[in-house]
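The values are calculated or read from the model by the stated rules, or taken from the named source; none is laboratory data. Just so we're clear, the structure is a prediction, and the values are computed from it rather than from any experiment. Reconstructed Cβ throughout: ideal geometry from the backbone, glycine too, with neighbour counts over all protein chains shown.
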Amino acid sequence: MNELSPKVQNQIAQFQQLQQQLQTLLNQKYQMDVQVKEMERTIEELNKAAPDTVVYKSVGSLLIKDEGKDGLLKEVEESKELMEVRVKALDRQEKVLRDRYQQLQEQLSKAFGPTVAGNQAF
């Protein structure tokens, strides 16, 4: 191949940037999903616990005795809801990035042929 046109060079740069953005987003989403599952397990355990059970919450590197399981349960449920909203926002952002990624991949495939754009899928 000879010199690449500035347009194709720009598309390649955008494609690489999208790959990085998508990978970063997927990592964030995975971490949040793990946190949501952990909160679900916490909620399950708090619901199983007797009303007079002594509970502690983690604050930084400390465990602090909480006033009661009901307040802590409400706090965890609210945190879980907030995290789920964030995950949904990441889902929407992921869809936009995947659509743009696919579009650029098709443009590069037309410019170079099907093997250069890469078959790496996220």
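What number goes with the only condition from (1) surrounded by 11 or more Cβ atoms within 10 Å (Cβ to Cβ); (2) under 29 Å from Asn27 (Cβ atoms) that Val59 does not pass?
Val59 satisfies every listed condition except (1).
Output the residue which, of all residues in the range 14-29 that are without any contact (Cβ under 8 Å) to a residue 40 or more places away in the chain and surrounded by 11 or more Cβ atoms within 10 Å (Cβ to Cβ), is farthest from Leu72 (Cα to Cα).
Among those residues, the one meeting the criterion is Gln16.
In the range 32-68, how many are of a type in the set (Val, Ile, Thr) and within 27 Å of Val87 (Cα to Cα)?
5
Within the range 90-118, take every residue that is exposed (fewer than 15 other Cβ atoms within 10 Å of the Cβ) and either within 18 Å of Lys37 (Cβ to Cβ) or of a type in the set (D, E, K, R) (or both) and give me the one that is modelled with the lowest pLDDT.
Here the answer is Lys110.
If I filter the range 87-106 for residues that are assigned to a helix (DSSP H, G or I), without any contact (Cβ under 8 Å) to a residue 60 or more places away in the chain and touching a strand residue (DSSP E or B) at 6+ places or on another chain (Cβ under 9 Å), do I get at least one hit?
Looking for residues that are assigned to a helix (DSSP H, G or I), without any contact (Cβ under 8 Å) to a residue 60 or more places away in the chain and touching a strand residue (DSSP E or B) at 6+ places or on another chain (Cβ under 9 Å), one finds none in the range 87-106, hence no.
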